[in-house]
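Structure record follows, encoded as structure tokens.
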Amino acid sequence: MRDASSSSKKPAPVELKLGGQVLRVVVGEDRTKVEALAAAVEGRLAKHRRGAAPIPQNAMALVALELENEVAELNAKYAELERRTRDLLRRSVSRIDSALEQLPES
């Protein structure tokens, strides 16, 4: 008799095509998301292709740099938004405190 843990399904490998190469990766539950990400990367790689020529070898590095640049820019925007939100919240709390202090005591 097998126990329940040995009969559970293991994640199956997913084949992704990136830069003319087929990669087999094991993913968690969201296989569709990984396939969509791979398609987006493949689309970026295609921008570096000239006609029917194969994708240049340095294209993967260029796409990686593009993606990293976008992540860095988004992280900077997020940090600025977070700072501004904290500042706005502090000012709002300060205004509320001031307004409460001016209320007559009951």
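Readers should treat all values here as calculations from the given coordinates under stated rules, not as data from a laboratory. Quick caveat: nothing in here was measured; it's all calculated off a predicted structure. Cβ atoms come from the backbone with ideal geometry, glycine included; neighbour counts cover every protein chain shown.
Observations, loosely collected:
- Isotropically averaged projected area of region 9-102, using the convex hull of Cα atoms (one quarter of hull area), nm²: 10.3
- In loop segments of region 13-77 as defined by DSSP, the trypsin sites (Lys or Arg not before Pro) with at most 14 further C-beta atoms inside 10 Å of their C-beta are Arg49, Arg50.
- 3J(HN,Hα) along region 10-18: 8, x, 8, x, 10, 8, 10, 9, 9 Hz, from the Karplus curve 6.51 cos²θ - 1.76 cosθ + 1.60 with θ = phi - 60°, whole Hz, x for Gly and Pro.
- Length available on full extension from Arg95 to Arg49: 0.36 nm per residue minus the Cα-Cα distance, which gives 10.8 nm.
- Proximity of backbone amide H atoms, modeled 1.01 Å from N, is registered between Val27 and Val14 at under 5 Å, excluding neighbours fewer than 5 places apart on the same chain.
- Förster radius 25 Å - calculated FRET efficiency between Val26 and Ala64 (Cβ-Cβ, nearest 0.05): 0.70
- Between the helical axis of 31-47 and the longest alpha-carbon principal axis of the chain there is an angle of about 80 degrees.
- Potential lengthening between Leu74 and Glu42 on full extension [0.36 nm per residue; Cα-Cα distance subtracted]: 9.4 nm
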